[in-house]
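Following: one structure in structure tokens, then a few remarks.
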Amino acid sequence: MAMTSPVIDNENDPRSVDDAALTAPTAALFRALGEPARLTMLRHLFTGEHSVRELTEHLGLAQSTVSVHLACLRDCGLVTVRQRGRSSIYAIADPGRLATLVGAAEDLLHGGAGPDGCAHLAGVRP
């Protein structure tokens, strides 16, 4: 996914776009990715398709919790679902682009100026 050029706000320009409207979809995507259980699910789905039961067993979470997380990931377009008999089978919707996004996030955490001073990440990093 290519980043679009930023819109320069000019209060005298009637074409100025509301920043919240521009950033809302991206913020929703990052909120979906911001839940550790959902990231763990995505990492497991990179190994292949899995049913809700398999994900529940792998994560050690209640089926209802797994289903809620999967619904979020599906609604954000990160996973697809298909029926196999009575089971719902989940898969990564776009493995290449999602791997690039997650890899870029990990690179940001491990390189450059680093987030070590970020109080929001205190106790989160391994």
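The values are calculated or read from the model by the stated rules, or taken from the named source; none is laboratory data. Keep in mind that this is a model prediction, so the values were computed, not measured. All Cβ positions, glycine included, derive from the backbone under ideal geometry; neighbour counts span all protein chains shown.
Quick check on region 43-72: of everything there that is part of a helix (DSSP H, G or I) and of a type in the set (D, E, K, R), which residue is surrounded by the most Cβ atoms within 10 Å (Cβ to Cβ)? Filtering first and then ranking leaves E54.
Here the condition is being in contact with a helix residue (DSSP H, G or I) (Cβ under 9 Å, 6 or more places away or on another chain), of a type in the set (A, V, I, L, M, F, W, C) and at pLDDT below 80; of M1, M41, it holds for M1 alone.
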